[in-house]
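For reference, the structure is listed below as structure tokens.
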Amino acid sequence: MATPVATAAVKALRPIGGKQIFLPQHVVKMVRPKDNQPPNLATFSVPLTFNKFDIRDYLFHAYNVEVTGVRSFVNQRRLQKKYRRLGWYRPQAGKMMIAELVKPFVWPKILELKERGDFDYKTWFTMENEQDKINDESLLREKGRQKPRDLEMTHDILLMKKQAKLFLDDPASWAFGGLRSTEKWREVEVDVKLDKNK
Amino acid sequence: MVTLGALRPSMGAALQICRASSTHGIAAPARTVTSRAAARPVFYPSAQAASLSTTAVLLKRHKYVGARVTRDNNKQRGESVLRRTGTRWRLSMSDEPLPQPVKPEELPPVETDPNHGLWEFFQDRTSIASPPLKDAQHGRPWTAEELRHKSWEDLHKLWWVCVKEQNRIATAKWERDNRQLGYGGAEAETRRKTVLATQKAIKHVLTERFYAWEDAVELAKSDPEINLSGDGPAFTPQEYLEEVPGEGAPVEEIEAAESDVATSPIPDSSTPLPPKSNAQKTASTI
């Protein structure tokens, strides 16, 4: 008895597998193509267990998309530190596949910043930056490498900086007694002869 | 005997030769391959300058006039791609105007089929990821109790609806994270968990049915009405059911188990073809 899959395989112009898979749990996501990628190529991020035949049959049966060829590659992840930096580990690699489509597919343009109001982009961006700053500072503090220049500039620090600059520009102005070196020393304590008769 | 029909191709070739020889002035000894008697009355021999082998004449390739005689007989000596010298030989397409390259921006835009299957990977056709407020508009997951009343075909269709919804959510997440669209991650995660709960309920129900089928097989081994050997009919009903006072419950149990057998999933007769659904339908069913 011919299964529906086998019937579909006969109908397709290109070779299609006839293997039946029940209740799959794979997650296949379509990824925005790189710039200048022709519209007949579609990029997918697939499970590591997928092969080229799998994505071809998956797209045909589940999405009714015919594919003439598939290119695949595995992206190795960068080494990462474990929690509390107790060692290194490498996250699991990710597999990508580029399918050559029979019918071209052009992705919609990236949303402009103005058009992201529904996503509350402004708040998100501010919060994200703040969080990054906090993370960086805490990282430095954990390492014990926080330097004065990494601290936030308070009013006091700015004032001290101003005075320090003044001193560095003209050290003589900060000579003893606030006198410039060019001026002569003046005796402050002078013996004053008092008239005893008065 | 050469007929007019058989002559036609050779006549055409000969005409071309006449034209080519008159323009290029290449003189070659006249020699015909076909019947001279038939060809002579039409045109001969004043214009005939080449053999009937048309290839040599039609090609504009000839020896470069000022070509040096190199010691190694290298025909390509002096030709360089880097210095863009071009060929030393006149080529057959030398007179043809070459097509000018067109910038990608000036090309007509590629039209995408509005019914393209890949649209099903998107929650929204403009922003890929749907905004969080819209993403949060979904119901609760299917419960196992609701799914117990569904057939295997229905459950399998619902499973594929869940698979496609998961793909949609994953595609949106990638776009939201990499293009920095903004908020929406938490709503998408809730939605994904709802889908997973539905899938879990489907598996729960199927497992229940499998256990019921196992129990029914055990019961059938001791049932005189059922023949599990494979020879003859599997079910031979007795003429009447013996009513034993006080033992009504076990009979009902057996009947219930048999009815479970009838509805138990048999995977090999099913189809993995998913239902043709879209995002809106999915959002309403899940």
Output the residues belonging to region A:88-130 that are away from chain B (no Cβ under 13 Å) and assigned to a helix (DSSP H, G or I). A:E130
Given the conditions (1) crowded, with 18+ Cβ neighbours inside 10 Å; (2) part of a loop (DSSP other than H, G, I, E, B), and given that B:R84 satisfies all but one, which numbered condition is not satisfied? (1)
The lone exception for B:I266 - which of (1) at pLDDT below 85; (2) under 24 Å from A:I21 (Cα atoms); (3) open to solvent by less than 90 Å² (accessible area, probe 1.4 Å) it fails: (3)
Restricting attention to region A:37-47, and to residues there that are facing chain B (nearest Cβ under 10 Å) and in a loop (DSSP other than H, G, I, E, B), which single residue is surrounded by the fewest Cβ atoms within 10 Å (Cβ to Cβ)? A:P38
Expected output for region B:217-233 (first residue part of a helix (DSSP H, G or I), partner open to solvent by less than 50 Å² (accessible area, probe 1.4 Å), Cβ below 6 Å, 6+ apart or cross-chain) is B:L219/B:A257; B:A220/B:I226
Collect the residues in region B:116-132 that are surrounded by 20 or more Cβ atoms within 10 Å (Cβ to Cβ) and assigned to a loop (DSSP other than H, G, I, E, B), keeping them in residue-number order. B:F122, B:Q123, B:S127, B:A129, B:S130, B:P131
Do we have A:E112 as within 23 Å of the chain's Cα centre (by Cα), farther than 30 Å from A:N75 by Cβ and open to solvent by 90 Å² or more (accessible area, probe 1.4 Å) here? no
With criteria (1) among the aliphatic types (A, V, I, L, M); (2) within 11 Å of another protein chain (Cβ to nearest Cβ); (3) surrounded by 19 or more Cβ atoms within 10 Å (Cβ to Cβ), B:V205 comes up short on (2)
Hey, A:K103 basic (K, R) and loosely packed, with under 13 Cβ neighbours inside 10 Å or not: no
Would you be able to tell me the number of residues in region B:133-147 that are exposed (fewer than 15 other Cβ atoms within 10 Å of the Cβ) and without any contact (Cβ under 8 Å) to a residue 60 or more places away in the chain? 6
Quick check on region A:157-181: of everything there that is in contact with a helix residue (DSSP H, G or I) (Cβ under 8 Å, 6 or more places away or on another chain) and open to solvent by 100 Å² or more (accessible area, probe 1.4 Å), which residue is modelled with the highest pLDDT? A:L166
B:T126 meets each of (1) within 14 Å of chain A (Cβ to nearest Cβ); (2) closer than 17 Å to A:P38 by Cα; (3) not small (G, A, S) with one exception, condition (2)
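Looking at this structure, is A:Y63 open to solvent by less than 40 Å² (accessible area, probe 1.4 Å) and over 25 Å from B:E111 (Cβ atoms)? Even if it seems obvious, please write down each step before you answer.
Values: open to solvent by less than 40 Å² (accessible area, probe 1.4 Å): yes; over 25 Å from B:E111 (Cβ atoms): no.
No: the conditions fail for A:Y63.
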If only one of A:L101, A:L13 is modelled with pLDDT of 95 or more and out of contact with any helix residue (DSSP H, G or I) (no Cβ under 6 Å at 6 or more places or on another chain), which one is it? A:L101
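Here is a check on your reading of the model: is B:W174 modelled with pLDDT of 95 or more, open to solvent by less than 20 Å² (accessible area, probe 1.4 Å), in a helix (DSSP H, G or I) and among the aromatic types (F, W, Y)?
Values: modelled with pLDDT of 95 or more: yes; open to solvent by less than 20 Å² (accessible area, probe 1.4 Å): no; in a helix (DSSP H, G or I): yes; among the aromatic types (F, W, Y): yes.
It is false that B:W174 is modelled with pLDDT of 95 or more, open to solvent by less than 20 Å² (accessible area, probe 1.4 Å), in a helix (DSSP H, G or I) and among the aromatic types (F, W, Y).
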Contact list, first residue from region A:18-36 and within 8 Å of another protein chain (Cβ to nearest Cβ) and closer than 17 Å to A:F60 by Cβ, second anywhere and of a type in the set (S, T, N, Q) and outside any loop (DSSP other than H, G, I, E, B), beta-carbon distance below 6 Å, six or more apart or interchain, is A:V28/B:N167; A:M30/B:T171
A careful count of residues in region A:48-76 that are out of contact with any strand residue (DSSP E or B) (no Cβ under 7 Å at 6 or more places or on another chain) and part of a loop (DSSP other than H, G, I, E, B) gives 5
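The values are calculated or read from the model by the stated rules, or taken from the named source; none is laboratory data. A quick note: this is a predicted structure, and the numbers were derived from the prediction, not measured. When we count neighbours, we look across all protein chains shown, and the Cβ atoms used for this are built from the backbone with ideal geometry, even at glycine. Only protein heavy atoms, including side chains, enter the accessible area calculation; ligands, DNA and RNA are left aside. Shrake-Rupley method; radii C 1.70, N 1.55, O 1.52, S 1.80 Å.
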